[in-house]
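**Q** Below are the structure tokens for one structure; questions will follow.
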Amino acid sequence: MHPAFSVLVFTVLSGAGYGLILLMVLGHLIGLGELQDRNLLLSGGVLSLLLISIGLLASTLHLANPKNAWRAFSRFKTSWLSREAVFAILFYPFVILYLAGIWFMGAELSVIFAAAGMISAVLALVTLFCTSMIYASLKTIRQWNSALTPVNYLVLGIMSGSLLLLAVQSIVTGSVSAQLQQSAIALLVLGAAVKVIYFFWIGKPSGSTIKTATGFTQASVRLLDQGHSSNGFLNNEFGYTVAANKLLRIRLLMLAVAFVLPLLLLLTANSLLLLAAALITLAGLLAERWLFFAEARHVVRLFHGDQTV
């Protein structure tokens with residue numbers, strides 16, 4: 001599949017924003033001492049809203065006709081895209097109410113503001129899950145049609161949010177919480193593990209083949225007409241191909257940038273290095289999301305000459 005930069009920005013930034021607000025709200029409401037600072041909560045909340053908003057705006061750039069974006073809300077019962085859009089909009093009033101409570105009352109919130117915070121955390125998780133299911137529900141793309149897709153989206157979103165939360169805390173309060181630091185390290189390790197598992201899984205030769213697509217399973221099949229060779233929509237979007245050695249190099253670079261380097265930086269207690277770790281992770285996740293699209297192979301490729309997907 002052809003990786004659209006706007007979609008990469010959308011999924012990475014919104015995922016980090018939802019992960020940040022989810023962890024921050026839960027830590028605050030359960031009484032985690034490091035997350036009872038008014039300025040920290042407001043800073044983290046504003047940052048998460050900024051990231052989510054930039055991501056959602058970036059997603060509209062992928063539309064052929066952005067003025068029809070409102071149609072995304074009209075198929076809630078059948079479309080994961082529609083569910084994502086509805087929950088993303090519902091998220092805003094609750095998180096704004098929660099942040100308003102912090103602005104006026106500090107960390108000690110009344111029941112109404114605390115409930116708004118909990119609902120916003122749930123909506124953040126649900127919206128992130130809906131985003132992942134847009135891809136996981138596509139049976140025509142084997143690399144996406146798996147429970148590993150939502151697991152990766154959820155884990156990587158929460159992981160990047162944890163690094164941002166740690167960076168915000170170190171900058172706003174001038175201190176580094178050992179508990180938040182250890183949590184970020186654990187999530188980095190978990191994120192790397194689920195990504196490596198995903199790479200191994202998509203490498204298994206278990207997809208459709210030209211034989212299963214045509215129904216001729218008893219002999220070798222070769223297409224005499226491989227379809228249009230011009231730069232049509234199907235070829236540009238579904239026929240996107242990258243050399244295997246290039247994909248391997250990008251995989252290794254992504255693992256180093258998204259996981260290994262941030263892990264080394266997290267071992268320090270320097271605010272600038274922690275901020276660098278968060279930003280480097282986001283850059284690495286852009287590469288991870290590029291791979292997610294570039295390595296996906298739609299079954300339509302079987303009717304354009306590919307032997308297997």
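The values are calculated or read from the model by the stated rules, or taken from the named source; none is laboratory data. Computed from a prediction, not measured in an experiment: that's the story for all the values here. FYI the Cβ positions are ideal-geometry reconstructions off the backbone, even for glycines, and counts take in every protein chain you see.
**Q** Residues to consider are 25, 46, 12; find the one that is modelled with pLDDT of 95 or more, β-branched (Val, Ile, Thr), surrounded by fewer than 20 Cβ atoms within 10 Å (Cβ to Cβ) and in a helix (DSSP H, G or I).
**A** Details: 25 fails: surrounded by fewer than 20 Cβ atoms within 10 Å (Cβ to Cβ); 12 fails: surrounded by fewer than 20 Cβ atoms within 10 Å (Cβ to Cβ).
Result: 46 is the single residue among 25, 46, 12 that is modelled with pLDDT of 95 or more, β-branched (Val, Ile, Thr), surrounded by fewer than 20 Cβ atoms within 10 Å (Cβ to Cβ) and in a helix (DSSP H, G or I).
**Q** Hey, another quick one. Name the residue that is farthest from residue 27 (Cα to Cα), counting only residues in region 103-119 that are in a helix (DSSP H, G or I) and either of a type in the set (D, E, K, R) or free of Cβ contacts under 8 Å to residues at least 24 places away in the same chain (or both). Step through it out loud before you land on a result.
**A** Taking region 103-119 and keeping what is in a helix (DSSP H, G or I), we get 103-105, 111-119.
Next cut, either of a type in the set (D, E, K, R) or free of Cβ contacts under 8 Å to residues at least 24 places away in the same chain (or both) only: 104-105, 111-113, 115-116.
On the way: 104: 20, 105: 17, 111: 16, 112: 18, 113: 15, 115: 14, 116: 15 Å.
Here the answer is 104.
**Q** Any chance you could count how many residues in region 99-142 are small (Gly, Ala, Ser) and surrounded by fewer than 19 Cβ atoms within 10 Å (Cβ to Cβ)?
**A** Step one: filter region 99-142 for residues small (Gly, Ala, Ser), giving 100-101, 106-107, 110, 114-117, 120-121, 124, 132, 136-137.
Adding the requirement that they be surrounded by fewer than 19 Cβ atoms within 10 Å (Cβ to Cβ) leaves 100, 106-107, 110, 114-115, 137.
Adding up the residues that qualify gives 7.
**Q** Failed condition for residue 252, given (1) touching a strand residue (DSSP E or B) at 6+ places or on another chain (Cβ under 9 Å); (2) modelled with pLDDT of 95 or more, with all others met?
**A** Of (1) touching a strand residue (DSSP E or B) at 6+ places or on another chain (Cβ under 9 Å); (2) modelled with pLDDT of 95 or more, only one is false for residue 252: (1).
**Q** So, one more: From 294, 276, 213, which residue is at pLDDT 95 or above and surrounded by 14 or more Cβ atoms within 10 Å (Cβ to Cβ)? So that I can check it myself, show each step before the final result.
**A** Values: 294 fails: at pLDDT 95 or above; 213 fails: at pLDDT 95 or above.
Exactly one residue qualifies, and that residue is 276.
**Q** Yes or no: residue 54 in contact (Cβ under 8 Å) with a residue 12 or more places away in the chain, buried (at least 18 other Cβ atoms within 10 Å of the Cβ) and over 15 Å from residue 134 (Cβ atoms)?
**A** Numbers: in contact (Cβ under 8 Å) with a residue 12 or more places away in the chain: yes; buried (at least 18 other Cβ atoms within 10 Å of the Cβ): no; over 15 Å from residue 134 (Cβ atoms): yes.
Spelling it out, it is not the case that residue 54 is in contact (Cβ under 8 Å) with a residue 12 or more places away in the chain, buried (at least 18 other Cβ atoms within 10 Å of the Cβ) and over 15 Å from residue 134 (Cβ atoms).
**Q** Separate question: Checking the conditions here, which among 72, 100, 85 is under 18 Å from the mean Cα position of the chain (by Cα) and assigned to a helix (DSSP H, G or I)? Even if it seems obvious, please write down each step before you answer.
**A** Working: 72 fails: under 18 Å from the mean Cα position of the chain (by Cα); 100 fails: under 18 Å from the mean Cα position of the chain (by Cα).
That would be 85, the only listed residue that is under 18 Å from the mean Cα position of the chain (by Cα) and assigned to a helix (DSSP H, G or I).
**Q** Of all the residues that make up region 67-111, how many are aromatic (Phe, Trp, Tyr) and in contact with a Phe, Trp or Tyr (Cβ under 7 Å, 6 or more places away or on another chain)?
**A** If we filter region 67-111 for residues that are aromatic (Phe, Trp, Tyr), which is where we start, we get 70, 73, 76, 80, 87, 91-92, 94, 98, 103-104.
Restricting the remaining residues to those that are in contact with a Phe, Trp or Tyr (Cβ under 7 Å, 6 or more places away or on another chain) gives 98.
Number satisfying all stated conditions: 1.
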